[in-house]
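Colleague: There's a structure below that I have some questions on.
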Amino acid sequence: MKTNAVKISIFALFLLLSAMPLYAADGSRPGKFNIELSGGPGLEMGCTDRSGDFLLKSLLEFEKPISPRFSLGLRLLPIFLYEQQNKGDDTVWGAGFGLGLRFYFEKESYRGVYLEANTHALGHKGQIEGNGSNLNFLSAFGVGYGFQNGMHTVLRYEHISNAGLDRRNRGADAITLGLGFTF
């Protein structure tokens, strides 16, 4: 099953990368590239205590406006690290890809205050405690601010889960702070 999950992930990544030139070709609203580094502590949610854990990830995104207030981002997570306090030296590391949707309060500027929701497929080495899969999904909701100079910052609630790919699926939650810029 793990081999099939890796094959599906590679195929999905290939489709995502193949679609990027078509997605970028629409000149009516030019897109932009964002890079970001974010990280933050794990949370205690319900019966799962991740308060000693730490999530760190990098992001490369092509963000394209799809309406005067909304944009859609094709995202690569080239670095994904999840440090676990309860599992000793068992740091989970890998990479992923996904989509991000943003709503900007300031019409047609794609700057200022925004809300975002995103989801990613992750492939990784090592397993998150209580989770039996090496293929997981990272979903997040956040609020951010895009500055005039191209910098941005965002605060997110993030959840990692294998979506039932394995019967062990305790999940992990974190609050992260991201800092990035546009080019």
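All of the numbers you see were taken from the coordinates with simple rules; none came from a lab. What you are looking at is a predicted structure, and each value in this text was computed from that prediction instead of being measured. Note that we place each Cβ from the backbone using ideal geometry, even for glycine, and neighbour counts take in every protein chain shown.
Colleague: Can you give the net charge of the other residues whose Cβ lies under 13 Å from the Cβ of Phe183, counting K and R as +1 and D and E as -1?
Modeller: Local charge sum for Phe183: -2.
Colleague: Can you pull out the GluC sites (Glu not before Pro) in the stretch 45-148 that DSSP calls coil and that have at most 16 other Cβ atoms within 10 Å?
Modeller: When the GluC sites (Glu not before Pro) of the stretch 45-148 are filtered for loop state and at most 16 Cβ neighbours within 10 Å, Glu106, Glu108 remain.
Colleague: I would also like to ask the following. Can you return the aspartates and glutamates within cross-link range of Lys64? Criterion is Cα-Cα under 13 Å, with same-chain partners fewer than 8 residues away left out.
Modeller: Those aspartates and glutamates meeting the cut-off are Asp26, Glu108.
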